[in-house]
Amino acid sequence: MCSAADGTGSAFWIDPEVRFSKAARLLHPGGWLALLGTEESYDDPVGAALRQLWITRSKDGGAWARQRLTDADSINGSGLFEPPVEQIHQRRTTMPASAVVGIENTRATVLSWPADEREEFTAQLRELLAGRAEVQLTQQTSLTMAKRLDSAAQAEPRN
């Protein structure tokens with residue numbers, strides 16, 4: 001799972017040294033890699049304020065917010081798979097503000113923080129959502145698939 005506020009693509013949290021090289025090694029020639037990603041993009045002003053909360057806590061100063069790669073871009077950059085096929089479905093919806101707090105607190109990034117930092121983030125998020133019963137957003141689900149190149153087992157990974 002990923003979020004526009006949390007990183008890039010659904011495989012962003014996997015160590016870049018093995019992100020695709022290990023998958024290519026484990027797949028038979030012609031085998032398929034499939035990545036399923038979900039993302040919530042909250043309407044502004046909530047979306048912009050939440051993005052700023054993430055950037056403030058980001059170890060890279062929010063580089064992910066400026067340089068966002070899709071799963072297809074990442075797979076293509078590996079040199080281990082044929083050009084990926086990607087299907088994206090988006091839908092507009094409304095979500096209770098309390099659900100936004102729940103979703104944002106399930107992100108891998110948040111779960112990696114010490115308890116006091118998670119609590120501070122949650123308090124700031126609740127403050128941001130105060131007075132709102134619900135939030136408008138776009139939910140996106142993506143499926144990206146790519147066939148392993150026959151030469152992938154010997155190829156030197158580029159990511």
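The values are calculated or read from the model by the stated rules, or taken from the named source; none is laboratory data. Predicted, not measured: the structure shown is a model, and the values here were computed from it. When we count neighbours, we look across all protein chains shown, and the Cβ atoms used for this are built from the backbone with ideal geometry, even at glycine.
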Does Ser41 satisfy the condition of being under 18 Å from the mean Cα position of the chain (by Cα), hydroxyl-bearing (Ser, Thr, Tyr), at pLDDT below 90 and surrounded by 13 or more Cβ atoms within 10 Å (Cβ to Cβ)? no
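Every residue, every condition in (1) charged (D, E, K, R); (2) not in a helix (DSSP H, G or I), yes or no:
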residue: Val110; (1), (2): no, no
residue: Glu119; (1), (2): yes, no
residue: Ala123; (1), (2): no, no
residue: Leu128; (1), (2): no, no
residue: Gly131; (1), (2): no, yes
residue: Leu137; (1), (2): no, yes
residue: Gln140; (1), (2): no, yes
residue: Leu143; (1), (2): no, yes
residue: Lys147; (1), (2): yes, yes
Among Thr56, Thr8, which is of a type outside the set (A, V, I, L, M, F, W, C), outside any loop (DSSP other than H, G, I, E, B) and at pLDDT below 90? Thr56
Taking region 75-116 and keeping only residues that are closer than 29 Å to Lys147 by Cα, among the polar types (S, T, N, Q) and modelled with pLDDT of 95 or more, one is left with Gln87, Gln90
Looking at the structure I just gave you, is Thr106 of a type in the set (Ser, Thr, Tyr), in contact (Cβ under 8 Å) with a residue 24 or more places away in the chain, part of a loop (DSSP other than H, G, I, E, B) and closer than 30 Å to Ala23 by Cβ? yes
Looking only at region 67-112, and only at residues there that are touching a Gly at 6+ places or on another chain (Cβ under 8 Å) and more than 27 Å from Gln136 (Cα to Cα), the one that is surrounded by the most Cβ atoms within 10 Å (Cβ to Cβ): Ser74
